[in-house]
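One structure is given here, and the rest of the page talks about it.
Coordinate-derived values only; no laboratory data. This is a predicted model, so every value here is computed, not measured. No Cβ is skipped: glycine too gets one built from the backbone with ideal geometry, and neighbour counts run over all protein chains shown.
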Amino acid sequence: MDLCSGADITLKVGTEQAASASSFEIIVPPGYDVGAHVHARQEELFYILEGELDLFAFEPVTRTAENWRIWQSHTGAQVFRGGPGSLMFVPPGCPHAFANPGTTPARMFFQAAPAGHEGYFEELLALLKRGGSPDPEVIAALRKRYDIEQLTPLIPGQGFPQS
């Protein structure tokens, strides 16, 4: 699935092959920030293959509506910058995010369980291909259908429509 120039999501294993999880290879463009979010039922795994990503997976002392990069956990954990070989596992109910702070794309392996997250990517792609800024209410409804509670804004970065 090509999410505009520079952003690419390749489904490796989906619901047609497995019930337990969907697996993807994702190219994360410079400046992209998925925004902090949480899933009530879904667990995820992120493994960086190339480049660097800012990552976090913990409940912060205070959830703020902006800038998850300054969040800190009750135990002192903070956002970290991961490079090739870095792995982040996210259990259900755990706030998390990733962003590409660099000037070049990053590449990661991403797995979501249970299987079916490809449906979210397909619907999101259709909305982004329309051009302009997608209707926030439509995006919110899409996220709700796929067990995503968005805590901070998604920032598209280079390669995504910017209006």
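Report the gain in length on full extension from C94 to E16: 0.36 nm times residue separation, minus Cα-Cα distance, nm rounded to one decimal.
25.3 nm
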Roughly speaking, what is the stretch gain from E50 to Q72, that is 0.36 nm per residue apart minus the C-alpha to C-alpha distance, in nm to one decimal?
5.3 nm
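Could you work out the relative contact order of segment 91-163? I mean the mean sequence separation of Cα pairs under 8 Å and 6+ apart, divided by the number of residues, in percent.
On the way: 22 pairs, mean separation 21.0, N = 73.
Result for segment 91-163 is 29 percent.
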Restrict the search to segment 48-137; then list the trypsin sites (Lys or Arg not before Pro) that DSSP places in a loop and that have at most 15 other Cβ atoms within 10 Å of their Cβ.
R63, R130
Using the Cα centre of the chain as the reference point, and only Cβ charges (+1 on K/R, -1 on D/E), how large is the resulting charge dipole? Debye, rounded to the nearest 20.
180 debye
Would you mind calculating the relative contact order of segment 1-154 from Cα pairs under 8 angstrom and at least 6 residues apart, reporting the percent as a whole number?
36 percent
Extension reserve of the L125-A40 stretch, reckoned as 0.36 nm per residue once the Cα distance is removed:
28.3 nm
